[in-house]
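Undergrad: This is the structure, below, for whatever I ask next.
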């Protein structure tokens, strides 16, 4: 038997010899289920492609994204400028590559900020119940009562336009759904036998939350985060379009569309190319999230 066959047999065995083997086997079976979904696998490839582009953008770019060439402004796609140039003669292809860094950087920063906050708030409210639950959920309801983009606009206007403030504003509006999801998951498991056993053994409330409750909320949270990445991209692009996100000359996709909308009829490529980038990135993360939901959510099996 080859080493590959031995490894596969070790992973899919019905009688794992250790928890590590069981964990790796479960991950392998989840990967096989995910790989059987072509749309989800395509979404994974798109997401990985954008991540790689963000990392190696300086090596893929053919021009300085901020370099102006007024003699070649609004040039159609050609051999020198693969996706054409904008109103200042800047290469759109190079600006899209560097814009990937800005957009995905904003997505990562928002997720790092909101996912832990939503998980902690939701798990705490669901486990404790009573007045802590009522207070935390009423605060959550206040944030959910307003459309995300409108609330983000209000926060950015109050803070001052800029990339950092845009990330903070999006994070302040994005955490409530994660809190609601974590609370719902916690309510379903807070009275289970293993939680009661940990409580009887003298485990403190923070320990039960961290060791028993939160790990079981992660799968649903990961799915929600992946599906939410597309809306974060759209919100970031919306702020950039309105001039409240990354400021010029930063090659942010939303601001590129804003400057190119004046030329949409004659020089269509100026606004169309960043619009396509937003569309493809959003579609990729949505497909990836759908595939992860099918794999990680037991209700979908």
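Undergrad: Considering only helices (runs of 4 or more DSSP H) fully contained in segment 149-256, which possess at least 1 residues that are within 21 Å of the chain's Cα centre (by Cα) and surrounded by fewer than 20 Cβ atoms within 10 Å (Cβ to Cβ)? Can you show your working first?
TA: Working: elements: 163-189, 193-200, 205-208, 214-241.
Correct list: 163-189, 214-241.
Undergrad: Can you say whether residue 47 is farther than 23 Å from residue 282 by Cα and either in a helix (DSSP H, G or I) or at pLDDT below 90 (or both), as far as the supplied structure shows?
TA: Values: farther than 23 Å from residue 282 by Cα: no; either in a helix (DSSP H, G or I) or at pLDDT below 90 (or both): yes.
Considered against the rule, which asks whether it is farther than 23 Å from residue 282 by Cα and either in a helix (DSSP H, G or I) or at pLDDT below 90 (or both), residue 47 comes out as no.
Undergrad: So, in segment 16-44, exactly how many residues are in a helix (DSSP H, G or I) and modelled with pLDDT under 85? I'd like the intermediate steps shown before the answer.
TA: If we filter segment 16-44 for residues that are in a helix (DSSP H, G or I), which is where we start, we get 19-35, 38-44.
Going one step further and asking which of them are modelled with pLDDT under 85, we end up with 19-35.
Qualifying residue count for the region: 17.
Undergrad: Let me ask something additional. Are any residues in segment 61-112 surrounded by 15 or more Cβ atoms within 10 Å (Cβ to Cβ), without any contact (Cβ under 8 Å) to a residue 60 or more places away in the chain, more than 20 Å from residue 247 (Cα to Cα) and under 25 Å from the mean Cα position of the chain (by Cα), and if so, which ones?
TA: Scanning segment 61-112 gives a single hit, 61.
Undergrad: Suppose the filter is assigned to a helix (DSSP H, G or I), surrounded by 13 or more Cβ atoms within 10 Å (Cβ to Cβ) and within 24 Å of the chain's Cα centre (by Cα); does residue 57 pass it?
TA: Values: assigned to a helix (DSSP H, G or I): yes; surrounded by 13 or more Cβ atoms within 10 Å (Cβ to Cβ): yes; within 24 Å of the chain's Cα centre (by Cα): yes.
Judged against the criteria, residue 57 is a match.
The values are calculated or read from the model by the stated rules, or taken from the named source; none is laboratory data. These figures come from a predicted structure and were not determined experimentally. So basically every Cβ, Gly included, is an ideal-geometry build from the backbone, and we count neighbours across all protein chains shown.
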